[in-house]
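**Student:** I have a structure I would like to understand better, so I am pasting it below and will then ask my questions one at a time.
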Amino acid sequence: MSAQTASLPWFAAHEFRLQWRDLTGMLTGGSPRRATGLLIFTLLFMAGLHWIADVLIRDWATAGIAPDIGTLAQLTGSGLLFATMSLSQAMESVTRAYYTRHDLDLILSSPASARRLFAVRTGAIAVTSMLMMSLLMAPFINMLAVHDGPRWLAAYPVIAAVSIFTTALAIASTLALFRLAGARRTRVIAQILAAIVGAALIVGIQIAVIFSTGTATGIGSVLSDMFISVAPAIDSLIWIPARAAMGDPAALMLTVLFALTAFGATVAIAAPSFATLAIAATGLNEVRKPQRAAKTFASGSQAHMMRRKEWLLLIRDPWLISQSLMQLLYLLPPAALLWLNYGNTGGTLPIVIAIITMAAAQLSGGLAWLTISGEDAHDLVLTAPLTPRLMLRAKIEAVVIAIGVLTAPFIIAIAFIDLSVAITGAIGITLAASAAIFIQLMFRVRAKRSQFARRQTASRVATIVEALTSITWAGATGLAAVSPLFGLFAAIPAILILAIVWLVRRKAQHA
Amino acid sequence: MSDLALALDIKALKKTFDRPAVRGLDLKVKQGEFYALLGPNGAGKTTILRMVAGLLQPDEGQITVCGINTATDPVAAKRLVAWVSDEPMVYDRLTPLEYLEFIAGLWHVPAEQAETRAQELLGWLGLMPHANERCGGFSKGMLQKVALAGALIHDPRLIILDEPLTGLDAGSARQVKNVLLEKVSAGVTIVMTTHILEVAERMAERIGVIASGRLIAEGTLAELQAQAGRDGSTLEDVFLDLVSQHEVPSIAGEKSAA
């Protein structure tokens, strides 16, 4: 490493090396064969996405895209959606930068500058967000460049600017929370805010459309009408990022400069207090808040005690909020639909039941990971006089009951409207949750609860399979609410996915 | 010594990872005995104890706890055993009382009895003022004491301790030692690994020395001194002598093979 020690480039090189090894370790597990497989899969996946993007935009792009209100509104809307997601991610990452220890104690106890470390770590957050957004948007940008000219490649620096700006916003909001709420409350509030920001746009739009039309169908057309009616004039400053993405050099320069200035100013303001606030966050562990003393010890079976322990730990998990709140927020639109259509058995119930099933499956996956893989006292539980089967069953029951408690109000409300749909929903939710738990069992690892947020990056295959089964079970449940026969047919792919997972994982475990 | 008088009986135990970790170990520990297992780093001590606690499957050999074969009836054996490792197995977000309540539930200790015992243990270990605080902010020593309380709440017949005094301050170490000695005087068997030879010298009735997965010497301090030919020496001198005696032939063997 040639850079001067503890300088900004030196910290950046150190950080890059750690992140690179972390990423490659997680993705390939150190196996060159797995790395090659992953590369081939990524290339094929990207090619597939490019093909889909080509189909979606070919006609629009080949006709020539003019920077009219409609186009600018569409680009700004998409950008806003990505910006909220990026902001949500950045808020969580910035909070972690303050609260997660790892090497922070080592560096803060050294004579190295904490300001430089902060600048590098927040810079890394912006770069990560930039790479993720670029990867997602690349198929559309590339296909627009192919069909409508290379000016569309200017969208990449715009993505970079959006990522840099959202990171700056995340730093500013975290800093404000530290000032307003103190170190103890900031972690929880920041997570709640991050989840709300991440889901706000999609959930908000859906609820707005549902309340204005009474239905969830045709959101796209309703939205574009709403957008056009409230859109500012074509020369408004609001359209600058959209113009920049379309290759307007002046708009591009302005967008990038604005983001860099915002980021630089925020880092300059936040960096000096980083060490103090990070130390304040450490101090939280030294303040031990007394809990309400239990009057007497509870008695019950081993399974009961295991479930009780899991529920206590789930309720007290500080990172669970950020990981699950978004899934719960997505239940708001179906709740709005239920509210509006109460007493009306129109076509909305299958959609409602499908969304609830999807959310339940996603939530089950997360809770199952925490209870099965994220057992902090693994050795303790293994030395207890109970069979592994009983222990596992108790953990699964803890998840199933938690999901049941969360979804029961919806099912009961639906039962008052249409009992058969409620029964179908209950069955669908049970199957979807069971499938998500089954996947977690097949891909179980020995991890710490604190690694929960990284579970999706730790096993991409598990994440993809979990998402696929959630979607297929949600679809099958929604269709079953219309016609049980349709539902049965739609459940076949979901069952096939689980069968493939079982066969592949069984083979892998025996190898 | 009849089998019934043995708290732990290990016969021809073998375990191999990428290299042999335990090579045909035989070990007998009487009921109510305090036994210290010593050995250099990587000697196989933790592997042996993890197999006794049911955390690892032996490749070969047999382990019997108070007459119960751990392979054929693992649950019955686990009822009698408590395991405390150097990394305390404690939940950050439970209080010591909640933790003890959970463990008592796993080991089927009746709630009333568990509660009384929990109060007693926390009192002995000086944890009563922190009984209703979450363990997340505890020091290593406090966590280790909570883990020890967890190990004792179900009244085990055999306590396996892997480096239990690592990271404890003098006061905490003394509290833990007192509790352990009290348990031994009540008839409980303790098998403990430690790198603090003074602790082994003062507390253990018999000491076993492990090197390269084998038991190379065993007995009281006097017997070990005699084996090493160093009467009146400290355990540290005897231990280093025994280990170096064992290492020298293997190094010579490797050289001659080369």
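The values are calculated or read from the model by the stated rules, or taken from the named source; none is laboratory data. All values reported here derive from a predicted model rather than from experimental measurement. All Cβ positions, glycine included, derive from the backbone under ideal geometry; neighbour counts span all protein chains shown.
**Student:** In a helix (DSSP H, G or I) and loosely packed, with under 15 Cβ neighbours inside 10 Å, is that true of A:I411?
**Tutor:** No: the conditions fail for A:I411.
**Student:** Being more than 16 Å from the chain's Cα centre (by Cα) and at pLDDT 75 or above is the requirement here; does A:I464 meet it?
**Tutor:** Taking the combined requirement at face value, the residue does not satisfy it.
**Student:** If B:L122 meets every condition in (1) more than 10 Å from every other protein chain (Cβ to nearest Cβ); (2) within 27 Å of B:E236 (Cβ to Cβ) apart from one, which number is that one?
**Tutor:** It is condition (2) that B:L122 fails.
**Student:** Anything in region B:82-91 that is at the interface with chain A (Cβ under 7 Å from one of its Cβ atoms) and not aromatic (F, W, Y)? List them, or say none.
**Tutor:** If the condition is that a residue be at the interface with chain A (Cβ under 7 Å from one of its Cβ atoms) and not aromatic (F, W, Y), then B:S85, B:M89, B:V90 are the ones that fit.
**Student:** Filter the strands (runs of 3 or more DSSP E) completely within region B:133-251 down to those with at least 2 residues that are aliphatic (A, V, I, L, M), crowded, with 22+ Cβ neighbours inside 10 Å and under 15 Å from the mean Cα position of the chain (by Cα). Don't jump to the end; show me each part of the working.
**Tutor:** Numbers: elements: B:158-162, B:189-193, B:206-211, B:214-219.
Answer list for region B:133-251: B:158-162, B:189-193, B:206-211.
**Student:** Inspect all residues belonging to region B:139-153 and state whether any of them is more than 27 Å from B:T64 (Cα to Cα), more than 7 Å from every other protein chain (Cβ to nearest Cβ) and without any contact (Cβ under 8 Å) to a residue 12 or more places away in the chain.
**Tutor:** yes
**Student:** Taking the criterion of being within 14 Å of chain B (Cβ to nearest Cβ), crowded, with 18+ Cβ neighbours inside 10 Å and under 23 Å from A:L331 (Cα atoms), would at least one residue in region A:375-387 satisfy it?
**Tutor:** no
**Student:** OK, next. Here is a check on your reading of the model: is B:A170 among the hydrophobic types (A, V, I, L, M, F, W, C), away from chain A (no Cβ under 13 Å) and under 20 Å from B:I196 (Cβ atoms)?
**Tutor:** So B:A170 fits the description; yes.
**Student:** Return a yes/no flag: does region A:53-68 have any residue that is basic (K, R) and either modelled with pLDDT under 80 or exposed (fewer than 13 other Cβ atoms within 10 Å of the Cβ) (or both). Before the answer, list the steps.
**Tutor:** Here is the first cut: in region A:53-68, the ones basic (K, R) are A:58.
Add one more test, that the residue is either modelled with pLDDT under 80 or exposed (fewer than 13 other Cβ atoms within 10 Å of the Cβ) (or both), and what stays is none.
Checked against the condition, which is being basic (K, R) and either modelled with pLDDT under 80 or exposed (fewer than 13 other Cβ atoms within 10 Å of the Cβ) (or both), region A:53-68 yields no hits at all.
**Student:** The conditions are (1) within 30 Å of A:I315 (Cβ to Cβ); (2) assigned to a helix (DSSP H, G or I), and A:R444 fails exactly one of them. Which is it?
**Tutor:** With respect to (1) within 30 Å of A:I315 (Cβ to Cβ); (2) assigned to a helix (DSSP H, G or I), A:R444 is out only on (2).
**Student:** What residue, among those in region A:39-52 that are of a type in the set (A, V, I, L, M) and without any contact (Cβ under 8 Å) to a residue 24 or more places away in the chain, is surrounded by the most Cβ atoms within 10 Å (Cβ to Cβ)?
**Tutor:** Only one residue fits best here, namely A:L39.
**Student:** Residues being without any contact (Cβ under 8 Å) to a residue 60 or more places away in the chain and not hydrophobic (A, V, I, L, M, F, W, C): count how many of those fall in region A:396-419.
**Tutor:** Number satisfying all stated conditions: 3.
**Student:** Okay, next question. If you go through region B:92-105 one residue at a time, how many are facing another protein chain (nearest Cβ under 7 Å), under 18 Å from A:G374 (Cβ atoms) and either of a type in the set (A, V, I, L, M) or under 23 Å from the mean Cα position of the chain (by Cα) (or both)?
**Tutor:** Result for region B:92-105: 2.
**Student:** Residue check: is A:R454 more than 20 Å from the chain's Cα centre (by Cα) and at pLDDT below 95?
**Tutor:** Details: more than 20 Å from the chain's Cα centre (by Cα): no; at pLDDT below 95: yes.
The answer is no for A:R454.
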